[in-house]
Amino acid sequence: MTTPADLLHNQLLAALPPAELERWRPSLEAVSLPLGQVLYEPGVTLRHVYFPTDAIVSLLYVMENGASAEIAVVGREGLVGVSLFMGGGSTPSRAVVQSAGRGFRLDAGHMNEEFNRAGVVMHLLLRYTQALITQMAQTAVCNRHHSLDQQLCRWLLLSLDRLEGTQLVMTQELIANMLGVRREGVTEAAVKLQQAGLIRYARGHISVLDRPALERRSCECYAVVKKEYDRLLPGLPLS
C-alpha cells in the first residue's frame, strides 16, 4: 500500500487536501519510469495520468520526417496527461522519460471522476494546466528568438527545478533531440558554459557549478515560466 509520505514527493499530489489525497491513495499505483520509456504516443487515447516523483518527462512534437522538439518538461511539480481530463482524451504530442526515476499513475476513469467532482481538485488541475501552457508558449518563443546557449540554460534550469540536487544525467544527443537542433550545436553551447565555469560536463553527466550565473546567462523565458508556476501554484516551490 502506498503511504501518504510516498505521495508527498510529487508536489501536485502534496497540494491536495488530506481528505482528497487519502481518497486517491488506494488508486495510485507506484511505477518505475526508465529512461526512454514512452508514456503515450500522438493520437492514442490516454489510459493513465502520471505523477513523477524523481523523474523528468519530456513532451515532444514529432514531425513526419522523424525530427522532434520538446515543448515542455514535467517532473515532481506536476502530472503527465492533462489532455485526459481536459476532454480531449488524446494529444498530438509524445511523452518520453528524459531522466529516469519513479512516480505514480492513476487510471483514466479515476482521474476523470476526481476532476468532475469539481471543487478544489478541479481548480488545482486547471491552474497547473495553465502553468504548463505558459511553459509551452514560452518554449516556442525561446526557440524562435533566443540563442542556443540561452535555450540550453533555460532547459537546464527547468530540468534542475524538477530534480533533487544539481546534477543531470543527459547525453548531448538527447539534449539535441529535446531542443530540436544538431548535436554539434549542443556541444558548442555546452563548451561555452563549461569554459565560463557554469557547468561541468563529462560522459553524459552535467553538474551545475554556478546556478545564479546560469540564471543570469539565460534569457527571460526561464523567469517568465517560473514566475507563472509560482503565481498559479504558490504551494509548489520549483527550486
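If the only charges are +1 at each Lys and Arg Cβ and -1 at each Asp and Glu Cβ, what is the size of the charge dipole of region 4-141 around the Cα centre, to the nearest 20 debye? Spell out each step's value before the answer.
Values: 9 positive and 12 negative charges, 18 e Å.
Charge dipole, region 4-141, about its Cα centre: 80 debye, nearest 20.
What does the extension gain come out to for Glu164 and Tyr201, with contour length at 0.36 nm per residue minus their alpha carbon separation?
Details: separation 37, 0.36 × 37 = 13.32 nm, distance 1.80 nm.
Extra length from Glu164 to Tyr201 when fully extended: 11.5 nm.
Between Arg182 and Glu220, what FRET efficiency comes out of the Förster formula 1/(1 + (r/R0)^6) with R0 = 30 Å and r the beta carbon distance, rounded to 0.05? For R0 = 30 Å, the calculated efficiency reads 0.75.
The residue among Gly87, Ser27, Val224 whose Cα reaches farthest toward the positive pole of the charge dipole of the chain, with charges on the beta-carbon of Lys, Arg, Asp and Glu, is Val224.
About the Cα centre, and with charges only on the beta carbon of Lys, Arg (+1) and Asp, Glu (-1), how big is the dipole of the chain? Nearest 20 debye, please. Please report the intermediate quantities before stating the final value.
Details: 23 positive and 23 negative charges, 74 e Å.
The calculated dipole for the chain is roughly 360 debye.
Measuring between their Cα centroids, region 45-67 and region 174-220 lie 23 Å from each other.
Going by Cα centres, region 117-160 and region 1-44 are how many Å apart? Each part reduced to its Cα centre gives a spacing of 20 Å. With a Förster radius of 25 Å applied to the beta-carbon distance between Glu29 and His123, the computed FRET efficiency rounds to 0.50. With respect to the chain, whose longest principal axis is taken over its alpha-carbon atoms, helix 220-232 is tilted by about 20°. Computed extension gain for Glu173 through Arg144, at 0.36 nm per residue and net of the alpha carbon distance, reaches 8.4 nm. In the list [x] 13; [y] 31; [z] 17, the label attached to percent of Cα pairs over 32 Å apart as derived from the coordinates here is [z].
Label sites at Asn116 and Asp230, each approximated as a point 7 angstrom past Cα along Cα to Cβ, lie 3.9 nm apart.
Measuring nothing but how far apart in sequence close Cα pairs (under 8 Å, 6+ apart) lie, relative to its length, region 18-173 scores a relative contact order of 29 percent.
Evaluate E = 1/(1 + (r/R0)^6) for Asn65 and Ala19, where r is the Cβ-Cβ distance and R0 equals 45 Å; express this FRET efficiency to the nearest 0.05.
Numbers: r = 50 Å, r/R0 = 1.10.
Efficiency for this residue pair is about 0.35.
Computed from the coordinates by the stated procedures, all read-outs in this text should not be read as laboratory data. In this text, all values refer to a predicted model and were calculated from it rather than measured experimentally. Because the Cβ atoms are built from the backbone with ideal geometry, glycine has one as well, and the counts that use them run over all protein chains shown.
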